[in-house]
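The values are calculated or read from the model by the stated rules, or taken from the named source; none is laboratory data. Remember, predicted model here, so these are calculated numbers, not experimental data. Because the Cβ atoms are built from the backbone with ideal geometry, glycine has one as well, and the counts that use them run over all protein chains shown.
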DNA sequence: ACCAGTCACCCATAT
DNA sequence: CATGTTGTGG
DNA sequence: ATATGGGTGACTCCACAACAT
Ligand SMILES: [Mn+2]
Ligand SMILES: [Mn+2]
């Protein structure tokens, strides 16, 4: 089979094969999420001529749902009109379909607009394309604009969006909005990684059935269209009412709480404090609870505030939430972490972590800018068998890189003996075990360990210089606090010499420790993992003026102190 | 990290 | 005409 | 002086062509 190579034409059947794989998956494993007529359409598509499947596969990788026909020239689709006709029969596309005129006009070149509406746009040649479109839409009806356009160009609209959205969600999961789901195939195929074939649950999906999936897609849509809804108070209030009650399904419940948190933030910013409080109160998001407390405090409702803080301090779902509840409205308590200050002898560098790492290297140390890679790496390598164990319901679609329940409260408990076994193995084997884990799992795609040369070099040095006790302290914190431990780890890994490792959080002038960073520093302190905070002090104005025109001096004078 | 989330930076304000 | 933005494609 | 906290924007794969400015 010919491989996919970047910048070279894909094999003729590449996109078609991808579409076929998706169809085969949903038609065999996810039938209950579709109506009979939807199943008939999917079945018809799976049996359609190659040209039709090839064209649809291409359309799905592109942005939007409306395309000019002239942009659909694909060498692997020999008979374009025939392919369009097949897809139109399945109600998946519609030629010259009536869609909003501005979307159509935007597909045309600016020069084409000027030609097609030469009279109306006379004298506007220097205006922006968007202004031309606005002018046309203001002057003519959508129908009139479409008729004029249709005399010059033809277009194709993907009308099967509802069905396609459902198929995509079941196969790819619900992905980030900035990436088209179908690029997952390309990214996998371009990398050297082998794709992991983990057993995907047969009947169990993330959702019980069609209704739950619909509810989830609806939540996603609402989050995406929040800006629009915010212009219409009635819609927003309806959304608030709809979202009042918790869901039994945890994915739905998380989506509901996230939506409420977003709504609350916007309401608060707009000064609608009463409604904002309502949104925050309905939400189960720790961030929403913090906003709730802050707004109540600002409104002078101190008793309610007190009660909430007492509850959060005891039952807060993250350590950061508990720490917040214990200090608010007071300041952060001073931590135990060692603090070192460097007086800069040059203007503050643009990338302070890179600068600090270089300084450590100048002094003979090994230094990497690693951030949250360290906890991810240690957790992923040392606890791989526990993380990827075939726990029922934890792997539900083919591109999943981590178990579905990773951030659920009982993630650890459901795998307790697996974690214990892995921990015992690590303790018995010592630091070199980390490297053994690398070789054992190398190449299998996952959410925690990037199998790059750079990370391999780091792993070698960690295995040589970091005591297993320290590795496990970090990995265990992740295992017990998966959601919270994904962020806030110090910027740099520094190995000053054999066995002399420390983690360094760099702070530029005016920057400060964030709550998630304080959580990690406390964990490192409690388990005696060497670490410190490095504050870069800005060069004084006088000095900066004096050295204008001098060559950059990268020397930094250090002065240590204890906090 | 299972689906937006992390991080540094800016700036006004509080202590 | 040079530069920036957007979309496509592997 | 330093801490706080609200807010913003870059980044998320990379190369390149077409188009807009
Ligand atoms: Mn950082
Ligand atoms: Mn930092």
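Check off (1) in contact with a helix residue (DSSP H, G or I) (Cβ under 8 Å, 6 or more places away or on another chain); (2) over 19 Å from residue A:167 (Cβ atoms); (3) assigned to a helix (DSSP H, G or I) for residue A:121 and give me the number that stays unchecked.
Condition (3) is where residue A:121 drops out.
Yes or no, residue by residue, for (1) within 16 Å of ligand 2 (Cβ to nearest atom); (2) within 17 Å of residue A:367 (Cα to Cα):
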site: A:461; (1), (2): no, yes
site: A:475; (1), (2): no, no
site: A:481; (1), (2): no, no
site: A:484; (1), (2): no, no
site: A:491; (1), (2): yes, yes
site: A:499; (1), (2): no, yes
site: A:527; (1), (2): no, no
site: A:539; (1), (2): no, no
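So that you can scan it fast, the table gives a plain yes or no per residue for (1) modelled with pLDDT of 90 or more; (2) in contact with a helix residue (DSSP H, G or I) (Cβ under 8 Å, 6 or more places away or on another chain); (3) on the phi < 0 side of the Ramachandran plot:
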| site | (1), (2), (3) |
| --- | --- |
| A:159 | yes, no, yes |
| A:165 | yes, yes, yes |
| A:169 | yes, yes, yes |
| A:175 | no, yes, yes |
| A:178 | no, no, yes |
| A:198 | no, no, yes |
| A:208 | no, no, yes |
| A:211 | yes, no, yes |
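Give me the helices (runs of 4 or more DSSP H) completely within segment A:287-390, filtered to those with at least 1 residues that are over 23 Å from residue A:523 (Cβ atoms) and touching a strand residue (DSSP E or B) at 6+ places or on another chain (Cβ under 6 Å), ordered by residue number.
Details: elements: A:302-315, A:319-327, A:352-362, A:373-382, A:384-387.
Once the helices (runs of 4 or more DSSP H) in segment A:287-390 are filtered for at least 1 residues that are over 23 Å from residue A:523 (Cβ atoms) and touching a strand residue (DSSP E or B) at 6+ places or on another chain (Cβ under 6 Å), what remains is A:352-362.
May I ask you to verify whether residue A:477 is more than 16 Å from DNA strand D (Cβ to nearest atom) and without any contact (Cβ under 8 Å) to a residue 12 or more places away in the chain?
Values: more than 16 Å from DNA strand D (Cβ to nearest atom): yes; without any contact (Cβ under 8 Å) to a residue 12 or more places away in the chain: no.
So residue A:477 fails the test.
Looking at segment A:246-262, can you tell me whether even one residue there is more than 12 Å from DNA strand B (Cβ to nearest atom), buried (at least 18 other Cβ atoms within 10 Å of the Cβ) and part of a helix (DSSP H, G or I)?
yes
Taking segment A:272-286, which residues are in a loop (DSSP other than H, G, I, E, B) and under 12 Å from residue A:258 (Cβ atoms)? It would help to see each step written out before you state the result.
Of segment A:272-286, the ones in a loop (DSSP other than H, G, I, E, B) are A:272, A:283-285.
Selection gives A:283, A:284, A:285.
For residue A:155, are the conditions met, namely being modelled with pLDDT of 90 or more, within 16 Å of DNA strand C (Cβ to nearest atom), closer than 23 Å to residue A:67 by Cβ and under 21 Å from the mean Cα position of the chain (by Cα)?
On the way: modelled with pLDDT of 90 or more: yes; within 16 Å of DNA strand C (Cβ to nearest atom): yes; closer than 23 Å to residue A:67 by Cβ: yes; under 21 Å from the mean Cα position of the chain (by Cα): no.
The answer is no for residue A:155.
Tell me which residues, restricted to segment A:22-76, are within 16 Å of DNA strand D (Cβ to nearest atom) and not in a helix (DSSP H, G or I).
A:62, A:63, A:64, A:66, A:67, A:68, A:72, A:73, A:74, A:75, listed by residue number.
So is residue A:170 in contact (Cβ under 8 Å) with a residue 12 or more places away in the chain, within 21 Å of the chain's Cα centre (by Cα) and away from DNA strand B (no atom under 16 Å from the Cβ) or not?
Values: in contact (Cβ under 8 Å) with a residue 12 or more places away in the chain: yes; within 21 Å of the chain's Cα centre (by Cα): yes; away from DNA strand B (no atom under 16 Å from the Cβ): no.
No; evaluated as a whole, the condition is false for this residue.
Please work out which residue is surrounded by the most Cβ atoms within 10 Å (Cβ to Cβ), limiting yourself to segment A:221-245 and to residues that are part of a loop (DSSP other than H, G, I, E, B) and out of contact with any helix residue (DSSP H, G or I) (no Cβ under 6 Å at 6 or more places or on another chain). Let's see the steps before the verdict.
Of all residues in segment A:221-245, those part of a loop (DSSP other than H, G, I, E, B) come to A:225, A:231-232, A:243-245.
Now restrict to residues that are out of contact with any helix residue (DSSP H, G or I) (no Cβ under 6 Å at 6 or more places or on another chain): A:225, A:231-232, A:245.
Details: A:225: 12, A:231: 8, A:232: 10, A:245: 9.
Here the residue is A:225.
State whether the residues of segment A:5-18 include one that is more than 9 Å from DNA strand C (Cβ to nearest atom), out of contact with any strand residue (DSSP E or B) (no Cβ under 6 Å at 6 or more places or on another chain) and within 18 Å of residue A:161 (Cβ to Cβ).
no
Applying the selection to segment A:298-315, what residues are over 16 Å from residue A:281 (Cβ atoms) and touching a residue at least 12 places away in the same chain (Cβ under 8 Å)?
Listed by number, the residues that qualify are A:310, A:313.
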